[in-house]
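First the structure, in the form of structure tokens, and then the observations on it.
The values are calculated or read from the model by the stated rules, or taken from the named source; none is laboratory data. This structure is a prediction, so every number in the text was calculated from the model and none was measured. So basically every Cβ, Gly included, is an ideal-geometry build from the backbone, and we count neighbours across all protein chains shown. Each accessible area value is taken on the protein alone, full model and side chains, heavy atoms only, with ligands, DNA and RNA left out. Shrake-Rupley method; radii C 1.70, N 1.55, O 1.52, S 1.80 Å.
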Amino acid sequence: MSPIRSATIAALASAVVATTLTGCQFGEAEQDTSPIVIAADLELSGAAAPVGRAYQRALELKKEQLNSSGALNGRKIELKVKDNRSDSAESLRNIVDFSSDSRVSAIIMGGCNECAVGAVGTINEKRIPTIALAASGAIAAPVAERRYVFKLGPNAPDSAAALTTELRRNNIRKVGMLVSDDDYGQEGATALKSELEKANISLRQQRVKTTDTDVSQQIQQLASGKPDAMVFWTPPEQATLAATSAQQTTFRGSVYFDAAAAGDLFLGAAAKATEKATLIFTQTMVIDDVIATTPAKAARRQWFQDYTARFGGYSGSSSFAADAIQLIADAELRAGGEVGKVDRNGIRDVLETSQMDGLSGPIRMTPDNHSGLMPQALTTLVARNGRWRLAG
């Protein structure tokens, strides 16, 4: 055998051995370690700032938990937060900026109904998956015109049905309703009126702008009708303000809060005015009253404890923000796509079929329903000694 041929055979043999030893490495898919960038358009100043800041705290806490959990396959979440100043025009500018950043996987919008409804057209045009935490049903329906828009939070028909059940149980015959003059308020007024008519309960309404800081005139008008109960279907600060105003009138009936009126666990200065008030909201707000009999309840209890330990109190709306970041992270991992590239269409498709027993309660998204919080997530809470408690 010639020296040249012998050397060639040896080289081939070496190559075969090398391929055998390292072939599994060549065959492996490249691991994606790129960050999962989630943008957040929040009300950090302006009228809705207290809720917006609660969302921001929840997003930061949930981000830290996910990043340290090892559940993201070596990836980390990055948050890109902008203040919309509780202004829909500023919010829209934020959405345009976020959507033009190719690193951003999806957007989380805060509690401003007008902001989310006003951004629907741009979100669909830019094809960027967005989860809004505002309550208006017009954010996510009709689905055919809102393919990239999803909603987490209570729905007006579910809240109205739960409130009516409580009103009937307490033999209420006349209701005065203070309702916010926005999309969610209009939905609520329509839904509650329909439910109360079926229960033969009369309804009288007064409207209030979401920016109003004095509701005494409207409350006085409602009190003059001598209702058995007042329902406050407004943002949290206005609801507690309304309860305080009602205490200063001749009204001595029961007070009920819609789910969108849920604020902090502890009622602070409004404790006396809200004593024995009823709130329709998710169980997580009072999960320390609940025995953790399932993994989902245990997770909610842990979230409550972590949030309370970090921030010294608990905000009812925080769980929606945490669930939104979890849904987007899960969708990003499941969507796949090219390493280091964001597949927004894939994320949208995954979000549309997401199912999760979230921190807020059971969440189910479908191609026909982009508003994921199930009616079963809502329960009845009662204000006792300056904080919300589980009824019963």
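Some values worked out for this structure:
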item	result
Heavy-atom SASA rank of ASP258, ASP343, ASP357 (probe 1.4 Å, accessible area, largest first)	ASP357, ASP343, ASP258
About the Cα centre, charge dipole magnitude for region 168-239 (Lys/Arg +1, Asp/Glu -1 at Cβ), debye	540 debye
Principal axis dimensions, region 121-210 - Cα atoms, whole angstrom, descending	50, 25, 18
Heavy atoms of ASP182 accessible to a 1.4 Å probe, total area in Å² rounded to 10	10 Å²
Mean shadow area of region 225-340, taken as a quarter of the surface of its Cα convex hull (nm²)	10.3 nm²
Amide H within-cut-off set for LYS76, under 5 Å, with H built and near neighbours excluded	ILE36
Helical mean residue ellipticity (222 nm; -39500 (n - 2.57) per DSSP H run of 4+; nearest 500) of the chain	-14000 deg cm²/dmol
With 5 Å bins from 0: P(r) over region 321-392, alpha-carbon pairs, percent	3, 15, 20, 18, 13, 10, 7, 6, 4, 3, 1
Pairs of Cα atoms farther than 26 Å apart, region 55-186, %	35 percent
Convex hull of Cα atoms in region 183-243, direction-averaged projection (nm²)	4.1 nm²
Å² per residue, accessible surface of the chain at 1.4 Å	44 Å²
LYS80-ALA309 FRET efficiency (beta carbon distance; Förster radius 30 Å; 0.05 resolution)	0.70
Within region 330-392, GluC sites (Glu not before Pro) in DSSP loop having at most 15 other beta-carbon neighbours inside 10 Å	GLU338
Farthest toward positive dipole pole in the chain [+1 Lys/Arg, -1 Asp/Glu at C-beta], among THR308, GLY46, LEU59	THR308
Intensity falloff of region 199-284 expressed as log10 I(q)/I(0), Debye formula with alpha-carbon point scatterers, at q = 0.25 Å⁻¹	-1.43
Computed Rg/Rh of the chain, alpha carbon atoms with Kirkwood Rh	1.13
Under Karplus coefficients 6.51, -1.76 and 1.60, residue-wise ³J(HN,Hα) of region 119-128 in Hz, glycine/proline x	8, 3, x, 5, 4, 5, 5, 7, 6, 10
Angle in degrees between helix 183-198 and the longest Cα principal axis of the chain, rounded to the nearest 10	60 degrees
Cα centroid of region 345-375 to Cα centroid of region 161-178, whole Å	30 Å
Fraction of accessible area attributable to carbon and sulfur, region 106-253 (%, probe 1.4 Å)	44 percent
Added length on full extension, which subtracts the Cα-Cα distance from 0.36 nm per residue, VAL290 to SER69	77.0 nm
Under-5 Å amide H pairs with ASP264, H placed in peptide plane, nonlocal only	GLY316
Helix 156-169 vs. the chain, principal-axis angle (Cα, 0 to 90°, nearest 10)	40 degrees
Percent RCO, i.e. relative contact order, over region 261-348, from Cα pairs under 8 Å lying at least 6 residues apart	28 percent
13 Å cut-off, amide nitrogen to a point 7 angstrom out along ALA144 Cα→Cβ, residues in region 346-381	368
Distance violations [Cα-Cα > 28 Å] among LYS198/LYS272; LYS193/LYS297; LYS63/LYS151	LYS198/LYS272; LYS193/LYS297
Estimated FRET transfer efficiency (ASN171, ASN124; beta-carbon r; R0 45 Å; 0.05)	0.45
In order through region 66-77: 3J(HN,Hα) via Karplus (6.51 cos²θ - 1.76 cosθ + 1.60), integer Hz, x for Gly, Pro	5, 5, 8, 7, x, 7, 9, 6, x, 9, 10, 8
Solvent exposure, largest accessible area first (probe 1.4 Å, DNA, RNA and ligands not counted), of SER318, SER194	SER194, SER318
On Cα atoms only, tilt of 236-247 relative to the major axis of the chain in degrees	10 degrees
Sequence-separation-based contact order of the chain, relative, with Cα cut under 8 Å and 6+ spacing, percent	16 percent
Inter-probe distance in nm under a simple model that places probes 7 Å from Cα toward Cβ, at GLN302 and SER194	4.0 nm
For region 296-340: span of alpha carbons on each principal axis (Å, largest first)	42, 20, 15
Most to least accessible of THR213, THR122 (protein chains only, probe 1.4 Å)	THR213, THR122
